[in-house]
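Visitor: I'd like to ask some things about the structure below.
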Amino acid sequence: MPAPLRIGLAGLGTVGVGVIKIVQQHADMIAMRAGRPMMITAISARSAGRDRGVDLSGFAWEDDPVALARRDDIDVFVEVMGGHEGAAKNAIEAALASGKDVVTANKALLAHHGQALAEMAEAAGRTIRFEAAVAGGIPIIKTLTEGLAGNGIRRVMGVMNGTCNYILTRMEDTGLPYDVVFEEARALGYLEADPNLDVGGIDAGHKLSLLSSIAFGTQVAFDAVELEGIGEISIDDIRRAADMGYRIKLLGVAQMTGRGLEQRMTPCLVPCDSPLGQLSGGTNMVVVEGDAVGQIVLRGAGAGQGPTASAVMGDVIDLARGLRLPTFGQPATSLTKPVAARSAAPAAWYLRMRLMDKPGALAKIATKLGEAGVSINRMRQYGHMDGDAPVLIVTHKATRDDILVALKTFRTTGVLVGEPVALRIEDV
């Protein structure tokens, strides 16, 4: 049996402990599958004394993850600390400079610095693997870089934040408003320390930008991702959408068009009977459309100790086998800088508004839609509430610009109460 692959592990939170458990519990199986044994030789974390429920006595300890990355007795540096600046970035750079491959779960770091780090890895003859950074246990990176390498990718889309999906499906199942379910998710520990990373779409936007790079051969362009969170989604929206046969999801969509690369992470409506519409709880789903393979759907746990540690170890085992692919699926220097484009393709839209209870109110709204070039597919008016009339409209396909024009002119009618809600209906 060849010499063991020696791992340096930085970060002993949920994922780091999960990695240790897998290495300790499945040592013989991993050695057979990888063709060589695995061993963790050194570790680093913020606190050395805390009980983490696993035996750490056999590992060398480093207070500084950069010192860990430079150790001569490790072959692969595994970073599961998090943070897109500071210690994580410095340690990964040190590992590459020391001739070590890197495995990371750090989506934010790669979304902000992925191109520079990939070029650094390439120059050193090393690679960065990051399956655990996108959709937890779903092997979407491996699918794109290996299984679908012979396809021109037309579109990547999916639900990539389990917390948002939990909140939206919990609202639908219980009838509870957003604020109540948000606090419930916080109490359960589902939210990041900064909740806006989850509910604001930032976490999922990081993931989408990484998938876009692999799918379309472009440099990571997180700054070009159109972001909109779920904070404005009401229980009324969820109920009204269901009445029309749809569910609301925080949906990421990336596609290359003649105008440039479209990347958006926004609340959308999807048909209830579609795979995305049937997705519930904290589960993630990624849909890929290739020119040869057609549409494939990957579904699974998007977070958690076991699924994320599983993804980390999948990458480590590939390195042990000698599989060393470019970080984003092709040489970093060949990745093109994308032209950012906002979606111009027509789509059906869901519009919800409250109108004054007065004759001709709805006719005025319909007239403004027509003047903006937007035609109505279906319309429903609900019972009056406090002198207001809730109205739901599903349009035929219209451009985003036409919808924005219509929304702006609604305010000139004098019949609108509050701000209307407009959500794209995604063709899935």
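The values are calculated or read from the model by the stated rules, or taken from the named source; none is laboratory data. Quantities reported herein were computed from a predicted structural model and do not represent experimental measurements. Note that each Cβ is placed from the backbone with ideal geometry, even for glycine, and that neighbours are counted across all protein chains shown. Each accessible area value is taken on the protein alone, full model and side chains, heavy atoms only, with ligands, DNA and RNA left out. Shrake-Rupley method; radii C 1.70, N 1.55, O 1.52, S 1.80 Å.
Visitor: Once you sort the root eigenvalues of the Cα gyration tensor of the stretch 1-141 as a ≥ b ≥ c, which label holds: rounded (a/c under 1.5), prolate (a/b larger than b/c) or oblate (the other case)?
Guide: The shape class here is rounded.
Visitor: While we're here: In the structure shown, do any of LYS142/LYS337; LYS142/LYS207; LYS368/LYS397 have a Cα-Cα gap over 18 Å, and if so which? Each step should come with its number before you reach the end.
Guide: On the way: LYS142/LYS337 23 Å; LYS142/LYS207 14 Å; LYS368/LYS397 16 Å.
As for pairs spanning more than 18 Å Cα to Cα, those are LYS142/LYS337.
Visitor: Quick one: with all protein chains in place, what share of the accessible area of the stretch 240-320 is carbon or sulfur, to the nearest percent (1.4 Å probe)?
Guide: On the stretch 240-320, the fraction of accessible area on carbon and sulfur atoms equals 47 percent.
Visitor: Order MET157, MET81, most accessible first, counting only protein heavy atoms with a 1.4 angstrom probe. Working shown, then result.
Guide: On the way: MET157 0, MET81 60 Å².
So, going from the largest accessible area down, we get MET81, MET157.
Visitor: Output the relative contact order of the stretch 1-117, whole-number percent, from Cα pairs under 8 angstrom with separation of 6+ residues.
Guide: Relative contact order comes out at 28 percent.
Visitor: Give the residue from MET160, LEU392, GLY53 lying farthest towards the positive end of the charge dipole for the chain; charges sit on Cβ (+1 for Lys and Arg, -1 for Asp and Glu) and the dipole is referred to the Cα centre.
Guide: It is LEU392.
Visitor: Skip the ligands, DNA and RNA, and give the accessible area per residue of the chain with a 1.4 Å probe, whole Å².
Guide: Computed with neighbouring chains in place, this is 41 Å² per residue.
Visitor: Reachable aspartates and glutamates from LYS364, Cα under 18 Å, same-chain residues fewer than 8 places away excluded?
Guide: LYS364 reaches ASP388, ASP402, GLU419.
Visitor: State, as an integer percentage, the relative contact order of the stretch 182-291 based on alpha-carbon contacts under 8 Å between residues 6 or more apart.
Guide: Value for the stretch 182-291: 22 percent.
Visitor: At a Förster distance of 35 Å, what's the computed FRET efficiency of ASP28 paired with ALA123, Cβ-Cβ distance as r, to 0.05?
Guide: Values: r = 37 Å, r/R0 = 1.06.
With a Förster radius of 35 Å, E is 0.40.
Visitor: Among (i) 15; (ii) 33; (iii) 26, which one is percent of Cα pairs over 39 Å apart computed from these coordinates?
Guide: Step by step, percent of Cα pairs over 39 Å apart for this structure corresponds to label (iii).
Visitor: Could I have the simple spin-label model distance between ARG400 and ASP64, label points 7 Å from Cα toward Cβ, reported in nm to one decimal?
Guide: That separation, rounded to one decimal, is 4.6 nm.
Visitor: Run through the DSSP bridge list for the chain and note the antiparallel percent, rounded to the nearest 5.
Guide: The antiparallel proportion sits near 65 percent.
Visitor: Right, another one. Per residue of the stretch 373-380, what does 6.51 cos²θ - 1.76 cosθ + 1.60 with θ = phi - 60° give for ³J(HN,Hα)? Whole Hz please, x for Gly and Pro, Karplus curve as stated.
Guide: x, 10, 9, 8, 8, 9, 8, 9
Visitor: Quick one: compute the contact order of the chain, relative version, from alpha carbon pairs under 8 angstrom and 6+ residues apart, as a percent.
Guide: On the way: 904 pairs, mean separation 68.4, N = 428.
Reported as a whole number, the value is 16 percent.
Visitor: Per-residue ellipticity at 222 nm for the chain, helices alone: DSSP H runs ≥ 4 residues times -39500 (n - 2.57), over residue total, nearest 500 deg cm²/dmol? Present the calculation step by step, with values, prior to reporting the outcome.
Guide: Details: 13 runs with 143 residues, N = 428.
So the helix-based figure for the chain works out to -10000 deg cm²/dmol.
Visitor: Evaluate the distance, in nm, between pseudo-label points positioned 7 Å from the Cα of HIS84 and of SER280 along their respective Cα→Cβ axes.
Guide: 3.4
Visitor: Got a number for carbon plus sulfur as a percent of the stretch 59-105's accessible area, 1.4 Å probe? List each step's numbers first, then the result.
Guide: Numbers: 730 of 1710 Å².
The C+S portion of the solvent-accessible surface of the stretch 59-105 is 42 percent.
Visitor: Roll a 1.4 Å probe over the protein heavy atoms and report the accessible area of THR399 in Å², nearest 10.
Guide: Taking all protein chains as shown, THR399 has close to 40 Å².
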